[in-house]
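Derivation of every value follows stated rules applied to the coordinates shown; laboratory data play no part. Values in this document were obtained by computation on a predicted structure and should not be read as measured data. A quick note on method: Cβ atoms are made from the backbone with ideal geometry, for glycine too, and the neighbour counts reach across all protein chains shown.
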């Protein structure tokens, strides 16, 4: 973005830096001020349970005219400040917001790009078989995968938690 783009009057997207775990609160307060907001969420697994968490912790995107709203937003409860450079609010490109919105699935959260699929070559990161390599044979419910391990002497199938594997190479048919 050039300096000229930053000087244009009117509404643009800005990143609002919030206090820790206040993203939803700030999002709600900005909506109550009739401002357009965007809080991209991602589904994460924490201790075997899934939770929706902000994709960018401590940040909410808001569309506003900085001439009119910067003071009010910077003094809103739960806000640290609007992201700025040299005391001037730094606009977020519309294209970035559009691309993030395009990645939101039917469930209302950002769908990560392909993580793992049948045929991918993987390495087990943790547990009894840490360091072993193999291929994904099958994806199972509840984030389990069937892995075909190849050892020096034999092959073995193993069903393990997907969080225990890392992709070495994606399978391309």
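Computed values, structure above
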read-out	value
Sorted by Cβ density within 10 Å, fewest first, the residues 167, 37	167, 37
Which of 140, 20 has the fewest Cβ neighbours within 10 Å, and the rest in rising order	20, 140
Cα-based equivalent ellipsoid, the range 3-102: semi-axes from gyration tensor eigenvalues, Å	25, 15, 12
The range 121-169, Cα convex hull volume normalised per residue, Å³	67
23, 36, 67 arranged by Cβ crowding within 10 Å, fewest neighbours leading	67, 36, 23
Tilt relative to the chain, helix 23-32 - C-alpha long axis, 0 to 90 degrees, to 10	40
Computed over the chain, the ratio Rg/Rh where both radii use C-alpha atoms and Rh is Kirkwood	1.15
Area projected by the alpha carbon convex hull of the range 87-134, averaged over all directions, nm²	7.2
Estimated 222 nm signal from helices in the chain, with DSSP H stretches of n ≥ 4 weighted -39500 (n - 2.57), rounded to 500	-5000 deg cm²/dmol
